[in-house]
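Dumping the structure here so I can ask a few things about it.
The values are calculated or read from the model by the stated rules, or taken from the named source; none is laboratory data. Given the structure is predicted, the values throughout are model-derived calculations rather than measurements. Note that each Cβ is placed from the backbone with ideal geometry, even for glycine, and that neighbours are counted across all protein chains shown.
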Amino acid sequence: MNYAFDFGWLADYWPVLLKGIGITVELTLVGGVLGVSLGIACAWARALGPVWIKPVVAAYVEMIRNTPFLIQLFFVFFGLPALGLRMGELQAANLAMVINLGAYGCEIIRAGIQATPRGQFEAGASLGMSRIQTFWYVVLIPALQRIWPALSSQIVIVMLGSAAVSQIAAEDLTFAANFIQSRTFRAFETYFAATLIYLALAVLLRQLLRGLGWTIFPKRAAR
Amino acid sequence: MNDFSTWDILRNLLMAARWTVLLSLVSFVGGSLVGLALLFARIGKGRLGPAFAKTYIELFQGTPLLMQLFLAFFGLGLFGIDVPAWLAAGLALILWTAAFLAEIWRGCVESVAKGQWEASSSLGMGYLQQMRWVILPQALRVAVPPTVGFSVQVVKGTALTSIIGFVELSKAGTMVTNATFEPFTVYGFVALIYFCLCWPLSKSSQILERKLNVAHRNH
């Protein structure tokens with residue numbers, strides 16, 4: 001192997017990488033918050049919602065979980081404009097990520113809700129709590145705590161999956177790497193650096209979510 | 001511009017879907033073999049094996065599959081080989097699949113109650129005998145549903161290989177879109193074909209889980 005590795009381009013191109021990291025973080029943040037919210041809403045709909053909504057949510061979840069993220073992205077960005085829904089690449093990327101995480105989050109949160117004994121629901125009602133209160137305090141919060149590790153992994157997976165949004169020209173970290181390697185012809189080094197950054201982001205995000213879990217569920221943390 | 005009928009679109013996509021299926025099979029089978037080796041390294045005794053397997057799994061689970069594909073594509077090129085897309089795609093997917101399967105299976109092996117290890121060792125069984133006769137048969141029962149479930153991720157993972165130029169279902173979708181200017185129809189069909197590939201796997205994973213009654217078994 002006669003190849004001299006050269007990371008000299010880093011000196012010139014680190015602002016590009018930094019900007020890409022910023023976009024990836026932003027996408028993850030928005031996608032994470034909205035995606036989990038959508039997941040909670042869908043889990044509520046499937047567990048306690050009106051009868052007609054259950055098959056709709058189930059179809060949505062199955063559809064998303066059984067198709068690649070890349071295709072969902074293409075469908076949102078290239079396909080939806082045919083219906084008159086035109087949006088920028090960042091909006092499309094965000095929308096696709098929210099829809100994606102929403103479906104997985106729904107399944108994960110639903111598993112947590114199902115693990116709540118039915119009697120707790122009745123206990124909540126007998127304490128004079130409203131349906132919403134019961135759902136929030138008795139069902140949802142303990143359920144979220146139970147499935148927090150699984151949900152965290154899913155958020156990390158979505159963050160890593162966001163590498164695909166470079167394909168619709170959203171200027172994330174992968175896009176930055178593509179740009180740099182097209183300028184420097186140092187493809188391997190560029191992608192190697194980008195991969196390391198993704199790894200660092202994943203490790204950081206995991207720790208952050210763990211810390212967040214401790215903050216949100218403080219009293220019950222001592223299990 | 002060519003005139004494409006809906007049937008032309010679908011036929012082109014279905015032809016390309018064969019490559020998606022083939023790549024998925026290769027990745028899954030190859031990944032299982034490498035994953036099994038990793039599993040033994042991970043749960044084995046000694047220090048080097050587990051440390052290596054742990055790092056490997058962490059690296060592959062902590063980085064995007066797309067980056068792994070790029071690195072395989074350009075990394076193999078460093079050796080002066082002219083890398084065809086299928087080779088980089090197959091290699092990256094096999095290594096990626098192996099990492100996830102090894103981790104899934106480790107959980108299954110660890111779900112076997114500790115008393116089983118102690119009981120079998122008190123019967124004078126060696127490590128390999130314990131594995132062969134006591135641990136793996138029980139772990140296998142637990143492992144089947146999540147393994148089938150993960151095969152869905154493999155099928156979906158192959159979509160990313162379109163980005164390094166492997167012509168499978170997703171790439172065909174892009175190509176057909178460029179020829180027909182009907183992204184809604186084309187990507188709709190592409191999604192539908194993926195769904196038809198993945199949904200039976202997801203469903204059978206669920207059914208197997210219920211059938212093997214793993215969730216409700218207590219140790």
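Please verify whether A:Glu189 is surrounded by 15 or more Cβ atoms within 10 Å (Cβ to Cβ) and not in a helix (DSSP H, G or I), treating the condition exactly as stated.
Details: surrounded by 15 or more Cβ atoms within 10 Å (Cβ to Cβ): yes; not in a helix (DSSP H, G or I): no.
No: the conditions fail for A:Glu189.
Would you be able to tell me the number of residues in region B:142-175 that are over 30 Å from B:Val186 (Cα atoms) and either small (Gly, Ala, Ser) or surrounded by fewer than 17 Cβ atoms within 10 Å (Cβ to Cβ) (or both)?
Going through region B:142-175 one residue at a time, the tally reaches 1.
Among (1) of a type outside the set (S, T, N, Q); (2) surrounded by 22 or more Cβ atoms within 10 Å (Cβ to Cβ); (3) within 14 Å of chain A (Cβ to nearest Cβ); (4) under 11 Å from the mean Cα position of the chain (by Cα), there is one condition B:Gly31 misses while meeting the rest; what is its number?
(3)
Residues of region B:62-80 being more than 7 Å from chain A (Cβ to nearest Cβ) and not aliphatic (A, V, I, L, M), which ones? Break it down into steps so the answer makes sense when it comes.
Our first condition is that a residue be more than 7 Å from chain A (Cβ to nearest Cβ); within region B:62-80, this holds for B:65, B:68-69, B:72-73, B:76-77, B:80.
Listed by number, the residues that qualify are B:Gln68, B:Phe73, B:Gly77, B:Gly80.
Checking the structure you have, find out if any residue of region A:15-31 is surrounded by fewer than 17 Cβ atoms within 10 Å (Cβ to Cβ), at the interface with chain B (Cβ under 10 Å from one of its Cβ atoms) and of a type outside the set (Val, Ile, Thr).
Taking every residue of region A:15-31 in turn, none turns out to be surrounded by fewer than 17 Cβ atoms within 10 Å (Cβ to Cβ), at the interface with chain B (Cβ under 10 Å from one of its Cβ atoms) and of a type outside the set (Val, Ile, Thr).
Residues that are away from chain B (no Cβ under 14 Å), closer than 25 Å to B:Thr185 by Cβ and not aromatic (Phe, Trp, Tyr): does region A:56-68 have at least one?
So far as region A:56-68 goes, yes, one or more of its residues are away from chain B (no Cβ under 14 Å), closer than 25 Å to B:Thr185 by Cβ and not aromatic (Phe, Trp, Tyr).
Checking A:Phe217 against (1) in contact (Cβ under 8 Å) with a residue 40 or more places away in the chain; (2) out of contact with any Pro (no Cβ under 9 Å at 6 or more places or on another chain): exactly one of these is not met. Which one?
Tallying (1) in contact (Cβ under 8 Å) with a residue 40 or more places away in the chain; (2) out of contact with any Pro (no Cβ under 9 Å at 6 or more places or on another chain), A:Phe217 fails exactly one: (2).
Residues to consider are B:Leu136, B:Leu160, B:Leu197; find the one that is part of a helix (DSSP H, G or I), among the hydrophobic types (A, V, I, L, M, F, W, C), farther than 17 Å from B:Thr97 by Cα and within 9 Å of another protein chain (Cβ to nearest Cβ).
Unique residue meeting the criteria: B:Leu197.
Residue by residue, here is whether (1) within 12 Å of chain B (Cβ to nearest Cβ); (2) of a type in the set (A, V, I, L, M, F, W, C) holds:
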{"position": "A:Met97", "(1), (2)": "no, yes"}
{"position": "A:Glu107", "(1), (2)": "yes, no"}
{"position": "A:Ala115", "(1), (2)": "yes, yes"}
{"position": "A:Phe121", "(1), (2)": "no, yes"}
{"position": "A:Leu127", "(1), (2)": "no, yes"}
{"position": "A:Ser130", "(1), (2)": "no, no"}
{"position": "A:Tyr137", "(1), (2)": "no, no"}
{"position": "A:Ala163", "(1), (2)": "yes, yes"}
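Residue-by-condition table, conditions (1) in contact with a Leu (Cβ under 9 Å, 6 or more places away or on another chain); (2) part of a helix (DSSP H, G or I); (3) free of Cβ contacts under 8 Å to residues at least 60 places away in the same chain:
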position: B:Val148; (1), (2), (3): yes, yes, no
position: B:Lys171; (1), (2), (3): no, yes, no
position: B:Thr177; (1), (2), (3): no, yes, yes
position: B:Leu208; (1), (2), (3): no, yes, no
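Check region B:64-74 and report whether any residue there is farther than 25 Å from B:Leu192 by Cα and over 21 Å from the mean Cα position of the chain (by Cα).
Yes, that holds for at least one residue.
A follow-up question, please. So which residues in region A:115-135 are assigned to a helix (DSSP H, G or I) and exposed (fewer than 13 other Cβ atoms within 10 Å of the Cβ), if there are any at all?
Scanning region A:115-135 gives A:Arg118, A:Gly119, A:Glu122, A:Ser126, A:Arg131, A:Ile132.
Looking at this structure, is B:Val152 within 13 Å of chain A (Cβ to nearest Cβ) and assigned to a helix (DSSP H, G or I)?
So B:Val152 fits the description; yes.
Is it true that some residue in region B:103-125 is of a type in the set (Val, Ile, Thr), under 30 Å from A:Phe5 (Cβ atoms), at pLDDT below 95 and not in a helix (DSSP H, G or I)?
No, the conditions are met nowhere in region B:103-125.
Within region B:128-139, does at least one residue satisfy the condition of being β-branched (Val, Ile, Thr) and under 30 Å from A:Ala164 (Cα atoms)?
Within region B:128-139, not a single residue is β-branched (Val, Ile, Thr) and under 30 Å from A:Ala164 (Cα atoms).
Return a yes/no flag: does region A:75-87 have any residue that is surrounded by 22 or more Cβ atoms within 10 Å (Cβ to Cβ), under 24 Å from the mean Cα position of the chain (by Cα) and under 23 Å from A:Val25 (Cβ atoms).
yes
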